[in-house]
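K.L.:
I have a structure here, written as structure tokens, and I will follow up with some questions on it.
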Amino acid sequence: MSDRQALPSGLQLTALDPTFRDRPHEVLDALREAAPVHDDRALGRVFLTRFADAEAVLANRGLAADPRKATPGTYHHRVYVGAGAAAPFEPSMLQLDDPDHRRLRRLTTQAFNQRTVEAMRPRIRAIAAELLDALPPEDGFDVIAAYAAPLPIIVIAEMLGVDAADMAQFKAWSDDRAQGFNPARTEAQTAALRAAQDGLNGYIARAAAERRERRGSDLISALVAAEEAGEQLTLREIVTTCHLLLVAGNLTTTDLIGNGVHLLLRHPDQLGRLRDRPDLAANAVEEILRHDPPVAQTTRTATQPVTIGGVEVAAGHSLTTSLLAAGRDPERHADPHRFDVTRRDTGHLAFGGGPHFCLGAPLARAEAQIALTLLFERFPALRLDPERPSRRKSLPVFNGWQEVWVRTGAVGPSTD
């Protein structure tokens, strides 16, 4: 990759590219060596692969999360606001800067703080156990469809106060909403995205109207109460906040659990350590987040000229931090490609950083710790199905498995 013309750019740095999807670190390691601050002209962005650069960008309050501040034609603008957008831009908390970001975050923080999440652990464990009880009797199942996907959607939907009868529709809407991060959507994907947005908008608006008449203990009720208490939370803000919590609480945690299952089954020595020492569950989840994070990248916009890694970036330009690359940076982690549930240097950027550090991090961690522990307790001989190879998702921004088929019988571990 010494030749600048050979550097990967555009969709080659997303899961839409087969090589990147299946072997991303071959691409990212070489790019970090050749051009750690890479001018990706194909998508109109600077692409960062070093941990230190990514950490500095995410912590920099002078950079914008709001894509409306980006120059038209740059990556951040075109995906969310410009010609690549599926609908008129309605910013969520994730895409707002202070003071609006601070106000919305303050109103939702209590539902996701450590104390609240600790109180939820028994319910999360009960949901996980119910899903395991409902698995088909035959020897094998897809971990993603049967377990990793339904667990977080049930948890977040219950928090929002969604009726159990609407869970399947909520899950479908949530999955289709993820196409909002895809810069190369097909017409069919764009249509599905718009239908999901419309469906969710209507559902949440109706739920908010019902909560005005009769309060519950759910998060929508809390948001409605905050609006009426003079916090100036509009109906649109309630809707976009619920959209964000749904997608963040569903797709990313599904991928975290799925990535964890696959990593542990591919590394039976590490799974053995975890079985012998259940107290390693929390550290194992941090190592999964470092080694194979559920979010591949995140983007900011320079509001004024800024120097990153010795390279000047113009005002209005997009800065994409590769969270995948940051977690395997040899300047930050010893032997970065080794998966080790006892690793001490598990520092990662999987939940972002700075003012936009993931609000749901405590919940995601709890769900993953509980889900992995219960799964491997229930199936001591769990192994990857050698006849049904695991398949990665083809979705930009997110990083996870579409299918991970396993067998439960007492045969030695397989390699997929």
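Taken together, the values in this text are just the output of simple stated rules run on the coordinates, not laboratory data. Just so it is clear, the structure is predicted and the values come from calculations on it, not from any experiment. All Cβ positions, glycine included, derive from the backbone under ideal geometry; neighbour counts span all protein chains shown.
K.L.:
Taking R0 as 41 Å, what's the FRET efficiency between Asp139 and Thr109 from their Cβ-Cβ distance, rounded to 0.05?
P.N.:
E(calc), rounded to 0.05, equals 0.40.
K.L.:
Let me ask something else. Got a sec? Which residues in segment 314-328 would a label at Arg68 touch, if it sits 7 Å along Cα→Cβ and we count backbone N under 15 Å?
P.N.:
In segment 314-328, the label zone of Arg68 (backbone N under 15 Å from the point 7 Å along Cα→Cβ) covers no residue.
K.L.:
List Phe89, Phe20 from most exposed to least, where exposure is judged by having the fewest other Cβ atoms within 10 Å.
P.N.:
Ascending number of Cβ neighbours within 10 Å: Phe89, Phe20.
K.L.:
I would also like to ask the following. Under the √(5λ) rule applied to the eigenvalues of the Cα gyration tensor, what semi-axes describe the equivalent ellipsoid of the chain? Give them in Å, descending.
P.N.:
Output for the chain: semi-axes of 31, 30, 19 Å.
K.L.:
Once you order the gyration tensor axes a ≥ b ≥ c over the Cα atoms, which shape class does segment 153-197 get: rounded for a/c under 1.5, otherwise prolate or oblate by comparing a/b with b/c?
P.N.:
Prolate is the answer for segment 153-197, as a/c is 1.5 or above and a/b outweighs b/c.
K.L.:
So how far apart, in nm, are the two label points at Ser217 and Val311 if each is 7 Å from Cα heading toward Cβ?
P.N.:
Placing both labels 7 Å along Cα→Cβ, they lie 5.2 nm apart.
K.L.:
Enumerate the amide H contacts of Val313 below 5 Å, restricted to partners 5 or more residues apart or on another chain; note that Pro and chain-start residues carry no placed amide H.
P.N.:
Val306, Thr307, Ile308
K.L.:
Quote to one decimal, in nm, the extra length available between Ala381 and Ala30 on full extension: 0.36 nm per residue of separation minus the C-alpha distance between them. Present the calculation step by step, with values, prior to reporting the outcome.
P.N.:
Working: separation 351, 0.36 × 351 = 126.36 nm, distance 3.75 nm.
Here the segment from Ala381 to Ala30 would lengthen by 122.6 nm.
K.L.:
How big, in percent, is the set of alpha carbon pairs in segment 148-251 lying more than 21 Å apart?
P.N.:
Numbers: 1804 of 5356 pairs.
Considering segment 148-251, 34 percent of its Cα-Cα pairs are separated by more than 21 Å.
K.L.:
Also, quick follow-up: What distance in nm separates the simple spin-label points at Ala164 and Arg344, each placed 7 Å from Cα in the Cβ direction?
P.N.:
Between Ala164 and Arg344, the label points sit 4.8 nm apart.
K.L.:
Pop out the ³J(HN,Hα) list for segment 341-357 in order, Karplus 6.51 cos²θ - 1.76 cosθ + 1.60 with θ = phi - 60°, rounded to Hz; leave Gly and Pro as x.
P.N.:
5, 9, 4, 8, 8, 8, x, 8, 10, 4, 9, x, x, x, x, 9, 3
K.L.:
Cut-off is 10 Å between beta-carbons; in what order do Asp292, Asp100 appear when sorted fewest neighbours first?
P.N.:
Asp100, Asp292
K.L.:
May I pose another question? How large is ³J(HN,Hα), in whole Hz, for each residue of segment 27-33 in order, when computed from phi with the Karplus curve 6.51 cos²θ - 1.76 cosθ + 1.60 and θ = phi - 60°, using x for Gly and Pro?
P.N.:
Along segment 27-33, the couplings run 6, 5, 4, 5, 5, 4, 6 Hz.
K.L.:
Moving to a separate point now. Give, as a single signed number, the net charge of other residues whose beta carbon lies under 15 Å from the beta carbon of Pro91, with Lys and Arg counted +1 and Asp and Glu -1.
P.N.:
Every neighbour counted, the sum reads +2.
K.L.:
What percent do you get for the relative contact order of the chain when only Cα pairs under 8 Å and 6+ apart count? Write out the running numbers ahead of the final one.
P.N.:
On the way: 677 pairs, mean separation 105.6, N = 416.
Once normalised by length, the contact order is 25 percent.
K.L.:
Which is the longest run of the chain containing none of the trypsin sites (Lys or Arg not before Pro) found in DSSP loop states (not H, G, I, E, B) with at most 11 other C-beta atoms within 10 Å?
P.N.:
62-213
K.L.:
Can you give me the long-range amide H partners of Ala149? Hydrogens built in the peptide plane at 1.01 Å from N, cutoff under 5 Å, separation of 5 or more residues or another chain.
P.N.:
none
K.L.:
Here is a further query. Within segment 109-148, which GluC sites (Glu not before Pro) sit in a loop by DSSP and count at most 11 neighbouring Cβ atoms inside 10 Å?
P.N.:
Of the GluC sites (Glu not before Pro), the ones in loops of segment 109-148 whose Cβ has at most 11 other Cβ atoms within 10 Å are Glu138.
K.L.:
OK, next. Quick one: net charge around Arg273, please, counting Lys, Arg +1 and Asp, Glu -1 for every other residue with C-beta under 12 Å from its C-beta.
P.N.:
Local net charge: -2.
K.L.:
Between Arg61 and Arg23, what is the label-point separation in nm under the 7 Å Cα-to-beta-carbon projection?
P.N.:
So the label points at Arg23 and Arg61 sit 4.5 nm apart.
K.L.:
Quick check: net charge around Phe379, other residues with Cβ under 11 Å of its Cβ, Lys/Arg +1 and Asp/Glu -1?
P.N.:
For residues surrounding Phe379, the net value is +1.
K.L.:
A further question follows. Roughly how big is segment 205-330's charge dipole about its Cα centre, with Cβ charges of +1 (Lys, Arg) and -1 (Asp, Glu), in debye to the nearest 20?
P.N.:
220 debye
K.L.:
What percent does the relative contact order of segment 200-279 come to when contacts are Cα pairs within less than 8 Å and at least six residues apart?
P.N.:
22 percent
K.L.:
Taking the Cβ of each residue in Trp173, Trp405 as the centre, tally the other Cβ atoms inside 10 Å and list the residues starting with the fewest.
P.N.:
Least to most surrounded, the residues fall as Trp405, Trp173.
K.L.:
Kindly state, to the nearest 0.05, the FRET efficiency for Asp269 paired with Arg125, given R0 = 25 Å and r defined as their beta-carbon distance.
P.N.:
So, using R0 = 25 Å, E works out to roughly 0.40.
K.L.:
In addition: Scale the Cα Rg of segment 1-62 by the rule-of-thumb value 2.2 N^0.38 Å and send over the ratio, two decimals.
P.N.:
1.13
K.L.:
Nearest 0.05, what FRET efficiency do Glu331 and Ala188 give at R0 = 56 Å with Cβ-Cβ as r?
P.N.:
0.85
K.L.:
Right, another one. Taking θ = phi - 60°, what integer Hz values does the Karplus form 6.51 cos²θ - 1.76 cosθ + 1.60 yield along segment 66-71, in sequence order, with x for Gly and Pro?
P.N.:
In residue order, the calculated couplings are 7, x, 5, 8, 8, 5 Hz.
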